Structures are given as structure tokens and as C-alpha cells.
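Chemist: Dropping the structure in here first, questions after.
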Amino acid sequence: MLELEPIEQRFPRPSVMGIVNVTPDSFSERGVNFRPERAIAAARTMTGEGAAIVDVGGESTRPGAEAVGLEEELRRVLPVLEGLSGLAATVSIDTAKAEVARQALELGAEMVNDVTALRGDPDLAGVVADAGAYLCLMHMQGEPRTMQADPRYDDVAVEVASFLEERLEAAVEAGVNEERICLDPGIGFGKTVEHNFELVRRLDVLLELGRPVLVGFSRKSSLGRLLGDPDATTGSTAASVGVGVAACARGATILRVHDVREHVEALTAARAVLDWGSQ
Ligand code: HH2
């Protein structure tokens, strides 16, 4: 059982989570870290650049992505996790599968990032609870294959918050320590461009749940669309940094990003100006 301090103590605002996608088909990188040696080197570089967490994932969840089987997901992530033992940053496993999480935690991961918020695999909550790991619960409307077809909300901030409140209760009921849980509005997961920006603008609605918030806007297509390309499938680093700093100013604690150095530098400068509290 891991003995971990509360999540906001380990990861004070603002902290950066670097993305290590061990996939051939992630939306913005298309396989740059598909080979384990490349993924391990990328994670080490991100750590040197100031990432507090590296998030290792073996399944793309981009709009339209097909699911990956258990054996293939294990084959992708296990060699990377083995290669990261002793890393200065916290290792997070981006998975919805209990067995992937279990083996990752055995190899030294300390956080489980589940885009299904424990709805994908009935055994995942128990695995996280037994290990005493950190957990990120993310909102998604629909499922990756179809989620961008026609997302609808009456009030996106209120609906996302009430979903996450319910999932937080379910996680705690299953034995996960509430102090180790963070919440994520799930930018791009069943949301229009307007929904995504409104969620960051109204982050206070999510913060009312009393848990640290993680935001993953990095390179997402809404940024490219905001800048005038209606068919964009990605967004620029500069736009990602801009929205990331704004999210932290609105109260986000952790940013999930591809470009660690740029975000760390921007947050350091913004923090020298903005009053983000003593943390
Ligand atoms: N976004 C992606 C994947 N996992 N996890 C959390 N908690 N929040 C997010 O916003 C989030 C996530 C999608 O981005 P990426 O990993 O870059 O791409 P892909 O899913 O295509 O591998």
C-alpha cells in the first residue's frame, strides 16, 4: 500500500503532467513515442524540464479511435514503465483497464488516470483503492468512437460538475482515499469548441467540489478552430500555453501537456505576476 500525501501537497498549483503516448495513432503526435526507448527518453526529458508527473498511455482516446485490447495495451506500456523506475517525477498510467493499472502500479506508477472515471472496468476502483494510488476522474459524454457526433448540454459546467461529484462519491465508496483524487472536465471528450472554453471559464463550478482540478487542453482541436481553421484536428503549442495559463489563473492545479518546457516557463512567469496563493 502506497503512503502518499494529499494530492495538492505532492502537486502544488500549478503543476505540469507531461504526456507520453505509447501509441501509433495519438491525435497530435502520430506515433513519435511508439518505440519504448523513445517513450522512456521523452519521459526523462519532460522530467528534466520540470514535469511533476509523466502520464504513460497505450490507448488513444482521440475522437473516432478504436479500442485497444488488454494484451496489446500491456505490450505497449510495460516496457516503458519498467524503463522509468526511479524517475524523479511521479508516473501516472492513463488507462481504463484494471489489469493494466494493477501491473503499472506494481512497476512503480503512483497515479491512475482514467478517462472513463471508473465506469469502464468494474475492477479498477478496487485496484486503485488497494494500492492507495492517486486517481484522476475525467468527464466524458459518450465514448471516443462517437463522442464528437453531436454533444449537447443544457449547462455544460453544471452537468460536468454533477457527473464528477457522482463519480467522486463512487470512488470514495469503493475505498479510494478522497485526498488522493483529482477531477478533470475532459476537454474534447463529447464537447463542442464553445463547451470546452466555457468549462475553463467557469472552472469555479468544478472547484466547488473541493478537489484539485486537472485540465488537458494541450494541442486539442478546439484551439486550432478558435484560431480560424474549422477543420483543425490539432492546436498549436502557443495556443495550448495560453489556455493553460488561463486555466491555472481560474484555479486549475495540474495541466496535462505535450510541451512541458513551454508550459513550465510560462507558468513560472505568470506566477511571478498573478497571486495564486502560497502554494
Ligand atoms: N486527454 C487525452 C487523453 N487522456 N486524460 C485526462 N485526464 N485528461 C485529458 O484531457 C486527456 C486524457 C487525449 O489526448 P492525448 O493523450 O494527447 O491523445 P490520444 O488520446 O489521441 O493519445
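The values are calculated or read from the model by the stated rules, or taken from the named source; none is laboratory data. Being a predicted model, the structure only gives us computed values, none of them experimental. Don't worry about glycine lacking a Cβ; one is built from the backbone with ideal geometry, like all the others, and counts go over all protein chains shown. For the accessible areas, the whole protein counts, side chains as well, though only heavy atoms, and no ligand, DNA or RNA atoms are used. Shrake-Rupley method; radii C 1.70, N 1.55, O 1.52, S 1.80 Å.
Chemist: Could you run the Karplus curve 6.51 cos²θ - 1.76 cosθ + 1.60 with θ = phi - 60° over the range 215-223 and give me ³J(HN,Hα) per residue in whole Hz, x for Gly and Pro?
Modeler: 10, x, 9, 4, 6, 6, 4, 4, 5
Chemist: Next question, about the same structure. If you roll a 1.4 Å probe over the chain with all protein chains in place, what percent of the accessible area is carbon or sulfur?
Modeler: On the way: 5650 of 11640 Å².
Using a 1.4 Å probe with all protein chains present, the chain comes out at 49 percent carbon and sulfur.
Chemist: Given just the C-alpha atoms of the range 66-160, how large is their convex hull per residue in cubic angstrom?
Modeler: On the way: hull volume 10.7 nm³, N = 95.
It comes to 113 Å³ per residue, whole-number rounded.
Chemist: Return the FRET efficiency for the residue pair GLU178, VAL158: r is the Cβ-Cβ distance, R0 is 30 Å, and the value is rounded to the nearest 0.05.
Modeler: Details: r = 22 Å, r/R0 = 0.72.
So, using R0 = 30 Å, E works out to roughly 0.90.
Chemist: Moving on to the next point. Between ARG30 and GLU106, what is the label-to-label distance in nm when each label sits 7 Å out along the Cα-to-Cβ direction?
Modeler: 3.7 nm
Chemist: With runs of 4+ DSSP H residues as the only contributors, calculate the mean residue ellipticity of the chain at 222 nm using -39,500 (n - 2.57) per run, divided by the residue total and rounded to the nearest 500. Write out the running numbers ahead of the final one.
Modeler: Numbers: 11 runs with 111 residues, N = 279.
Helix contribution divided over all residues of the chain: -11500 deg cm²/dmol.
Chemist: At each listed q (0.20, 0.32 Å⁻¹), what is the log10 of I(q)/I(0) that the Debye formula gives for the range 122-172 modelled as equal alpha-carbon point scatterers?
Modeler: Here log10 of I(q) over I(0) equals -0.82, -1.21.
Chemist: What are the extents of the Cα atoms of the range 230-279 along their three principal axes, listed from largest to smallest and rounded to whole Å?
Modeler: On the principal axes, the range 230-279 reaches 41, 20, 17 Å in Cα extent.
Chemist: Another one. State, in angstrom, two size descriptors of the range 178-279 derived from its alpha carbons: Rg to one decimal place and Dmax to the nearest whole number.
Modeler: Considering the range 178-279 through its Cα atoms, Rg and Dmax are 13.4, 42 Å.
Chemist: Rounded, prolate or oblate: which fits the chain when a ≥ b ≥ c are the square roots of the eigenvalues of the alpha-carbon gyration tensor, with rounded for a/c under 1.5 and prolate only if a/b beats b/c?
Modeler: rounded
Chemist: Would you calculate the volume per residue, in Å³, of the smallest convex hull containing every Cα atom of the range 32-112?
Modeler: Working: hull volume 7.4 nm³, N = 81.
Considering the Cα atoms of the range 32-112, their hull volume per residue is 92 Å³.
Chemist: Ok, one more. Along the charge dipole of the chain, pointing to its positive end and built from +1/-1 on Cβ of Lys, Arg, Asp and Glu, which listed residue (LEU2, ALA269, VAL127) has its Cα farthest out?
Modeler: Positive-most Cα among the choices belongs to ALA269.
Chemist: Could you work out the Rg to Rh ratio of the range 114-226, with Rh taken as the Kirkwood radius (inverse of the mean 1/r over all Cα pairs)?
Modeler: On the way: Rg = 14.0 Å, Rh = 14.4 Å.
Radius of gyration relative to Kirkwood radius: 0.97.
Chemist: Shape of the range 1-142 from its Cα gyration tensor (a ≥ b ≥ c, root eigenvalues): rounded if a/c is under 1.5, otherwise prolate when a/b > b/c, or oblate?
Modeler: rounded
Chemist: Over the range 84-149, give the accessible area per residue in Å² for a 1.4 Å probe, as an integer. Could the numbers behind the result be given before it?
Modeler: Details: 2270 Å² over 66 residues.
Per residue, the range 84-149 has 34 Å² of solvent-accessible surface.
Chemist: Still on this model: Just name one of LEU255, GLY188, ALA239: the one whose Cα is farthest towards the positive end of the charge dipole of the range 155-279 (beta-carbon charges, Lys/Arg +1, Asp/Glu -1).
Modeler: ALA239
Chemist: In the range 58-101, which residues have a backbone nitrogen under 19 Å from the label point lying 7 Å from THR146's Cα in the Cα-to-Cβ direction?
Modeler: Taking a point 7 Å out along Cα→Cβ of THR146, the residues of the range 58-101 whose backbone N falls under 19 Å are 61-68.
Chemist: Also: What are the DSSP H helices in the chain that stretch 15 Å or more along their long axis, judged by alpha-carbon atoms, and whose average Kyte-Doolittle hydropathy comes to at least -1.0? Present the calculation step by step, with values, prior to reporting the outcome.
Modeler: Numbers: long enough: 36-48 (18 Å, -0.18); 70-83 (20 Å, -0.10); 156-173 (26 Å, 0.64); 237-249 (18 Å, 1.68); 260-271 (16 Å, -0.19).
Taking the DSSP H segments of the chain (at least 15 Å long, mean hydropathy at least -1.0), we get 36-48, 70-83, 156-173, 237-249, 260-271.
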